[in-house]
Amino acid sequence: MPNRRFADGEVVMGRWPGSVLYYEVQVASYDDVSHLYTVKYKDGTELELKESDIRSQSSFKHRKSQSSSSSPSRRSTSRSRSRSPGRPTKGRRRSSSQSREHKDDKKKTIQETNVALLVLVLFKPSENNTRRYNGEPESTERNDTSRITLEQKLKPDLETERVLEQYSLRPRKEEKKKEEIYSEKKIFETIKTIEKASSKTKELEFGGRIGTFMLIFFLPATVFYLLLMCKQDDPSLMNFPPPVPALESLWEARVFGVFLLWFFLQALFYLLPIGKVVEGLPLSNGRKLHYRINGFYAFVLTAAAIGTLLYFEFELHYLYDHFMQFAVSAAAFSMGLSIYLYIRSLKAPEEELAPGGNSGYFVYDFFTGHELNPRIGSFDLKYFCELRPGLIGWVVINLAMLLAEMKIHNQSMPSLSMILVNSFQLLYVVDALWNEEAILTTMDITHDGFGFMLAFGDLVWVPFVYSLQAFYLVGHPTAISWPVAAAITILNCIGYYIFRSANSQKNSFRRNPADPKLAYLKFIPTATGKGLLVTGWWGFVRHPNYLGDIIMALAWSLPCGFNHILPYFYVIYFICLLVHREARDEHHCKQKYGLAWERYCQRVPYRIFPYIY
């Protein structure tokens, strides 16, 4: 076995893969099996290099000293020859011509080197890419410091070019100035071209263009299918397809007006100057947007408004009687909103486009969202729709179902099953609104654009699919005993405890890793300066908050009994959704943390379910 040449911690020069350029690196470790060195660049990038691609710093310094020692003699010789009075005129012309040719070659070499440095700086892997979950990227914005780094790298070459011009036999200031301006303009035009190309979305999700095109029709069809099945006396899968009502009965202008009133009422609450204002994560241009945190206040004001309507004997079960029409109105509104969002995104600057929705394909960008943070003045459309109309609407729909159950079945009190479903889901919504600020680090805000996917999900899927259990219980009442209700309540509490304590543990560690209260936590340091927790909940599984989510979803469905699988659609959907998100998290974290993420996966092998997955 060959002896190892470089020691751990030694600072050497490492060749960047695919180029002939060397950069200063530090040796991190050595693999005796593959005979590869793990080295760390100054920007935090970790790569594995062969020994032949690594050189000591002394060899580079020796070459530099030789070059600098020989330069003065060459320059003095050149000056003595050009000033010799005995040299004929013809010889002076030849010397001047050769000097200009030599200067042109130097310029050409410098420009080629500049372009090479440009490509390397722009496409060199970065560890600065940054959701709400441990190991999940906080933000995926581009690193704008690459432009600054490039300018710093180009400045020495431009200085060299000026030195060469200084010793020209016939300095032409005007030509030199034009050449410098042209050279710099050409370089930065190349920068813009490469930046525009590199900002395009390369990896398409959801099945690419074909998959997203199908989802635009499949998602609304799924919502309407579930609601129609719940309306049947026997919502068994064997009764497929359900009877489809007449198309004219699915639309009513009054229902659409009520939906618009609800949407703009929540927008009014959002604009109220109450609640603190916080900064979001840095955007690709370094700017931070401001967000007003007043979702919980909006919930309290909404509860007061609903209480006032009930006091004046407003029939809230109107929602149940026209539930399908409300779903159609919400779907139509979300489609119109998505079209508006895409049209306005066509005029948005390049740096304001979403990293995941800038593929150049109309259908894909329309579905995933082309613009990252569309705003009308200070009104952030995506942030508003994320929590307000749909999430608070979910609670209002559940309450309407509870009142409808009491009226239809002539009950003085709602059923125990309906009380459990309403209570569990109310806790979930209140928790989300109380911890509203945490949503600013999720991938929905930092990475995904605002298009059909989020617009339909926020305004249609959340309020009308998440309330499926309450809607089901109105037409299919299920009696449960108090011991069963107690067991289901304990299960929901366990899921909520895992969900909330895991998120709180992670958020506290992110805010202040040096907090003495977190001294018991161990973590793996990464090149980005952040740590990956390997103890506590995050040492149990990689995404403990997902585990808590799934346990709670099961507790929401159990009060509906086991006569039909329809109430458990939410559990199946939630598992599929979280597995998809987890796979996306794994991909981003592997790119962001590199070798540190591989070590973390070895320490924490289970992703969501301990000893299973």
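The values are calculated or read from the model by the stated rules, or taken from the named source; none is laboratory data. Note that the coordinates shown come from a computational prediction; the quantities given were computed from them, not determined experimentally. In this analysis, Cβ positions are derived from the backbone assuming ideal geometry, glycine residues included, and neighbour counts consider all displayed protein chains. Ligands, DNA and RNA are stripped out before the accessible areas are found, and what is left, the full protein with its side chains, is counted by its heavy atoms. Shrake-Rupley method; radii C 1.70, N 1.55, O 1.52, S 1.80 Å.
What figure in square angstrom, to the nearest 10, would you give for the accessible area of ASP32 with a 1.4 Å probe?
Taking all protein chains as shown, ASP32 has close to 90 Å².
For the stretch 10-58, what percent of Cα pairs sit more than 14 Å apart? Intermediate results must be reported in sequence, preceding the final value.
Details: 492 of 1176 pairs.
Tail of P(r) above 14 Å: 42 percent of Cα pairs.
Expressed as a whole percentage, what fraction of the accessible surface of the stretch 481-612 belongs to carbon and sulfur atoms when a 1.4 Å probe is rolled over the protein heavy atoms?
Values: 4020 of 6200 Å².
On the stretch 481-612, the fraction of accessible area on carbon and sulfur atoms equals 65 percent.
Select from ASN563, CYS601, ILE551 the residue farthest towards the positive end of the dipole of the stretch 509-613; place +1 on Cβ of Lys and Arg, -1 on Cβ of Asp and Glu, and compute about the Cα centre.
CYS601
Once neighbouring chains are kept in place and the probe is 1.4 Å, which whole percent of the accessible area of the stretch 379-437 is contributed by carbon and sulfur? Present the calculation step by step, with values, prior to reporting the outcome.
Numbers: 1290 of 1920 Å².
C and S fraction of accessible area: 67 percent.
In a solvent-free Debye calculation with one equal scatterer on each Cα, what is log10 I(q)/I(0) for the stretch 479-613 at q = 0.09 Å⁻¹, listed in the order of the q values?
-0.33
Looking at this model, which pairs from LYS202/LYS382; LYS200/LYS592; LYS42/LYS530; LYS202/LYS590; LYS50/LYS200; LYS517/LYS592 are more than 21 angstrom apart at the alpha-carbon?
On the way: LYS202/LYS382 24 Å; LYS200/LYS592 18 Å; LYS42/LYS530 16 Å; LYS202/LYS590 17 Å; LYS50/LYS200 32 Å; LYS517/LYS592 28 Å.
Exceeds cut-off: LYS202/LYS382; LYS50/LYS200; LYS517/LYS592.
With label points built 7 Å along Cα→Cβ from the Cα atoms of VAL11 and PHE312, find their separation and express it in nm.
7.5
Which FRET efficiency, nearest 0.05, do LEU577 and ASP31 yield, Cβ-Cβ r, R0 30 Å? If you can, show how the numbers build up before the last one.
Values: r = 39 Å, r/R0 = 1.29.
With R0 = 30 Å, the Cβ-Cβ based efficiency is 0.20.
Taking a spot 7 Å from the Cα of LEU268 along the direction of its beta carbon, which residues of the stretch 366-391 have an amide N less than 14 Å from it?
none
For the pair ALA348/ARG375, report the inter-label distance in nm, with labels modelled 7 Å from Cα in the Cβ direction.
Label-label distance for ALA348 and ARG375, simple model: 1.3 nm.
Suppose R0 equals 45 Å; then what is the FRET efficiency for PHE540 and LEU247 from their Cβ-Cβ distance, rounded to the nearest 0.05?
Using R0 = 45 Å, I get an efficiency of 0.30.
At 1.4 Å probe size, with every protein chain present, just tell me what the per residue accessible area of the stretch 532-613 comes to in Å². Walk me through the intermediate numbers first.
Numbers: 3290 Å² over 82 residues.
Computed with neighbouring chains in place, this is 40 Å² per residue.
Placing unit charges on C-beta atoms (Lys and Arg positive, Asp and Glu negative, everything else neutral), compute the dipole magnitude of the stretch 206-479 about its Cα centre in debye, rounded to 20.
Values: 13 positive and 22 negative charges, 70 e Å.
Here the size comes out at about 340 debye.
Which ³J(HN,Hα) values, rounded to whole Hz and listed in residue order, are derived for the stretch 513-529 from phi using the Karplus coefficients 6.51, -1.76 and 1.60 in 6.51 cos²θ - 1.76 cosθ + 1.60 with θ = phi - 60°, glycine and proline given as x?
x, 8, 4, x, 5, 9, 5, 6, 7, 10, 8, 9, x, 10, 5, 7, x
Express the accessible area of the stretch 10-58 per residue in Å², computed with a 1.4 Å probe while the remaining protein chains stay in the model. Walk me through the intermediate numbers first.
Working: 2530 Å² over 49 residues.
Computed with neighbouring chains in place, this is 52 Å² per residue.
For a quick size check, give me the Cα extents of the stretch 206-479 along its three principal axes, largest first, whole Å.
Ordered largest first, the stretch 206-479 gives principal extents of 60, 44, 32 Å.
Calculate, for LEU21 and GLU437, the FRET efficiency according to 1/(1 + (r/R0)^6) with r their C-beta to C-beta distance and R0 56 Å; round to the nearest 0.05.
FRET efficiency, LEU21 to GLU437: 0.80.
For the residue pair LEU204 and ASP321, what label-to-label distance in nm results when each label sits 7 Å from Cα along the Cα-to-beta-carbon direction?
Each label point lies 7 Å from its Cα, and together they span 4.7 nm.
Determine the per residue accessible area of the stretch 281-415 with all protein chains present and a 1.4 angstrom probe, expressed in square angstrom.
Values: 5690 Å² over 135 residues.
I get 42 Å² per residue for the stretch 281-415.
Return the Rg/Rh value of the stretch 302-426, two decimal places, where both radii are evaluated on C-alpha atoms and Rh is the Kirkwood radius. Could the numbers behind the result be given before it?
On the way: Rg = 19.5 Å, Rh = 17.4 Å.
Rg/Rh: 1.12.
For a bin width of 10 Å, list the pair-distance distribution of the stretch 362-408 built from all Cα-Cα distances, rounded to whole %.
Spelled out bin by bin, the stretch 362-408 gives 22, 29, 25, 16, 7 percent.
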